[in-house]
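Data block below; observations after.
The numbers here are math on the coordinates, done by the rules we state, and not lab data. These numbers were taken from a predicted model, which means no experiment stands behind them. Positions of Cβ are backbone-derived with ideal geometry, glycine not excepted, and every protein chain shown enters the neighbour counts.
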Amino acid sequence: MKPRWKGKGSEAKAIADPMSKIVSQLQSSLMQSEAHGLLSSCSVLVEVDAEVADLLNRACFGRPRITAEKEQQWFQLDMEEAFYLCFSLKCLKVVSKDGCTKSDEELWEYMKSKKEVFPISYKAYSHLRNKNWVVRSGLQYGVDFVAYHHHPALVHSEYAVLALSEGENDLNGRLRVWSDVHCTVRLCGSVAKTLLILNVNNDGQGAISPSCLEHYTVEERTITRWNPEQSRENQGVLENQTNRSESDLLLLTCVSVVEIRKMRS
């Protein structure tokens with residue numbers, strides 16, 4: 001599936017202003033301003049000036065909170081976003097309500113206490129962000145994230161993402177039964193997105209500290225409905241396949257025609 005750009009000139013704008021450049025500018029600006037975020041349950045609140053607010057918007061980190069203040073603005077970051085800025089980009093300090101700055105290890109433990117699957121979801125999030133994808137919550141589509149080629153104002157999201165861990169200890173619990181696979185693929189197809197599965201393997205390292213993340217590996221798999229016209233040898237094959245039920249076609253998708261791309265993050 002190719003990116004679906006919104007309007008004439010959107011692709012040119014994205015090429016002229018790549019996401020890697022915007023994130024680099026945000027990182028530099030946050031470091032210079034010595035930005036601090038305040039822990040608030042399952043999110044982090046950051047007070048920023050107009051310049052940083054513009055960069056946060058352009059880089060798609062967090063969501064603005066409406067306040068009466070004009071010079072200063074507040075942004076609400078999800079846990080993965082906040083930890084990425086804090087741990088990966090080293091441009092944000094996070095403080096608790098008592099005013100104490102959290103170390104990476106303390107913040108890691110806090111995030112895990114709020115979200116049991118945080119190590120897996122964060123690895124998936126950072127895996128995509130490091131590839132310069134824009135990653136947003138996929139809650140409205142029944143997935144963990146949605147991934148955009150660039151800013152959502154310029155392009156529609158291309159992937160609906162599920163982050164799963166390998167083995168019997170998968171805490172996500174998704175795609176274990178055929179009906180879930182069937183419904184998820186159909187939903188993604190109805191909103192013109194490709195289902196991207198990120199299988200995160202911790203290589204037996206556990207999740208004691210964020211330093212364990214460097215040993216995690218990520219396997220990418222896309223699952224789409226199989227179109228018999230793409231691989232028919234003759235009309236007889238086409239007629240044969242079109243008589244199959246929708247479930248049969250989806251099963252062929254998952255078993256035979258799944259595109260598998262392995263890569264280490």
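Given +1 on the Cβ of Lys and Arg, -1 on the Cβ of Asp and Glu, and no further charges, what dipole in debye does region 104-173 carry about its Cα centre, rounded to the nearest 20? Can you show the working numbers first?
On the way: 7 positive and 10 negative charges, 76 e Å.
The calculated dipole for region 104-173 is roughly 360 debye.
Expressed as a rounded percentage, what relative contact order does region 1-159 have, with Cα pairs under 8 Å and six or more residues apart?
27
With a 10 Å Cβ neighbour count serving as the proxy for reagent exposure, in which order, fewest first, do R176, R136 appear?
On the way: R176 11, R136 19.
Ranked by crowding around the Cβ, least crowded first: R176, R136.
Name the long-range amide H neighbours of S165: under 5 Å, sequence gap of 5 or more, or other chain; modelled H, no Pro or chain starts.
Placed amide hydrogens put L171, N172, V200 under 5 Å from S165.
Under 18 Å Cα-Cα from K123, which lysines qualify once same-chain neighbours fewer than 8 residues away are excluded?
K90, K112, K114, K115, K131, K262
For region 80-180, rounded, prolate or oblate, judged on the Cα gyration tensor with a ≥ b ≥ c (square roots of eigenvalues), a/c < 1.5 rounded, else prolate if a/b > b/c?
In terms of gyration-tensor shape, oblate.
Considering only C-alpha atoms, what is the centroid distance from region 185-209 to region 65-119, in Å?
Answer, in whole Å: 23.
So who's got an amide H within less than 5 Å of the one on D17, skipping anything under 5 residues away but keeping other chains? H placed 1.01 Å off N, in plane.
Here nothing satisfies the definition.
Residue-wise, which Karplus ³J(HN,Hα) couplings in Hz belong to region 150-156, taking 6.51 cos²θ - 1.76 cosθ + 1.60, θ = phi - 60°, and x for glycine or proline?
7, 4, x, 6, 9, 8, 6
Summing +1 for each Lys or Arg and -1 for each Asp or Glu, what net charge is found among the other residues whose Cβ lies under 12 Å from the Cβ of M31?
Working: positive: K90, K93; negative: E34.
Summing Lys and Arg as +1 and Asp and Glu as -1 gives +1.
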